[in-house]
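Note sheet for the following structure.
The values are calculated or read from the model by the stated rules, or taken from the named source; none is laboratory data. Computed from a predicted structure; not experimentally measured. Counting neighbours? That spans all protein chains shown, and the Cβs are built from the backbone with ideal geometry, glycine included.
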Amino acid sequence: MTKEALVFEVSDSSYGKYVLLNSHKVPVVVTFEGAWSEHCMIVADMFSSLAREFAESFVFAKVDIDANPELKEKYNIENVPTLAVFIDGEPVRFEVGVLKEDEARALLRDFGIFNESDDMRQRARVLHIQGETPQAITLLAEAMKKDPANTRIALDMVQVFIDMAEYGEAASLLGRLPQADRESEMGKSLSGQLWIIEQAGKRQLELAKEQGPGAERRYEILRFRFEGGLTIRDIANRLGLEPACTHKEYARAREEFRAALLEVVALHSPGLPGEVERESVRLLGLLS
């Protein structure tokens, strides 16, 4: 039998039934919101989606504070959205403001509501941050196999590819994902990173054409490495160069790409020079 999402609109009179009684069975997440608030709509839509994903694992209840002043006063609600988690008839946690999806999932996880594949995602993220990227990729691949419907795993893999400067792989994987995932908060962030990288590549090519054959060859070396995923030895063989010479040219090409990336980030994401530098380094990634 298909499980149902437990989502209710709660009033002063129905609060006891939908919130207090249910909280003795499963956690109840309550959002105190205003119908006029766009931020409240974002939070409500997100938790409604999570309630469908984790059907019958928790109750999601929405309270309009303007229509239900007694509840607003009872819990001293001053700002919306305010989120409360009820267990055994008592509020055990409050959060004020808009939560990102990862934060919402972390909150649910604190109450035992999570997918095993999301747990694997988090472990992979830690491994990647610690520099153990091959192990992170293996763990993400295992998570994909275990839970193919969880497309957040693929989005994580796209980010790993970007961090590794495997931009062709990143773009290919992102392009194969459903439109809803590409248009999600994380999907838009990944698309933005790849767009900036693409613009940097175009800028580097413009500069290379101005500088002559040597710069154009360095651009080709970088393109073979970034888009094609070729090793330096393979690139050397393809271009008829010595591997040692190709290594030097590749290092110089990376610096030229970095300069182009700095220029593009500064143009499209104006900020302090230090912020531009950090964003550029993050996008460029480090290749072994």
Exercise for review: Inspect region 124-133 for any residue being more than 30 Å from E242 (Cβ to Cβ), in a helix (DSSP H, G or I) and of a type in the set (V, I, T) and give the result as yes or no.
Suggested key: yes
Review point. Which of the residues spanning region 68-96 are more than 18 Å from H39 (Cβ to Cβ) and of a type in the set (A, V, I, L, M)?
Key: L71, V85, I87, V92
Review point. Any residue at all in region 111-120 that is closer than 30 Å to K25 by Cα, of a type outside the set (D, E, K, R) and assigned to a helix (DSSP H, G or I)?
Key: yes
**Study point:** Residue among R258, R182, R217, R233 that is touching a Leu at 6+ places or on another chain (Cβ under 6 Å) and surrounded by fewer than 19 Cβ atoms within 10 Å (Cβ to Cβ)
**Key:** R258
Point to revise | Scan of region 188-243 for residues that are closer than 22 Å to M164 by Cα, in a helix (DSSP H, G or I) and of a type in the set (G, A, S), ordered by number | key: S189, S191, G192, A200, G201, A236
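Yes/no matrix, rows are residues, columns are (1) of a type outside the set (D, E); (2) at negative phi; (3) assigned to a helix (DSSP H, G or I); (4) at pLDDT 95 or above:
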site	(1), (2), (3), (4)
Y250	yes, yes, yes, no
E255	no, yes, yes, no
A260	yes, yes, yes, no
V265	yes, yes, yes, no
P270	yes, yes, no, no
E277	no, yes, yes, no
Practice item. Looking only at region 100-112, decide whether some residue is touching a Cys at 6+ places or on another chain (Cβ under 7 Å) and among the hydrophobic types (A, V, I, L, M, F, W, C). Key: no
Check your understanding: Across region 1-34, what is the total count of residues that are touching a Lys or Arg at 6+ places or on another chain (Cβ under 6 Å), under 7 Å from A61 (Cα atoms) and not hydroxyl-bearing (S, T, Y)?
Key -> 1
Point to revise | Residue match in region 2-19 (condition: loosely packed, with under 15 Cβ neighbours inside 10 Å and among the aliphatic types (A, V, I, L, M)) | key: no
Check your understanding: What number goes with the only condition from (1) under 14 Å from the mean Cα position of the chain (by Cα); (2) farther than 29 Å from F54 by Cβ; (3) modelled with pLDDT of 95 or more that A170 does not pass?
Key -> (3)
Review point. When region 30-52 is examined, which residues are found to be crowded, with 20+ Cβ neighbours inside 10 Å, assigned to a helix (DSSP H, G or I) and over 19 Å from the mean Cα position of the chain (by Cα)?
Key: C40, A51
Revision key, fill the gap. Of the residues in region 224-242 that are at pLDDT 90 or above and of a type in the set (A, V, I, L, M, F, W, C), the one that is nearest to A170 (Cα to Cα) is F224
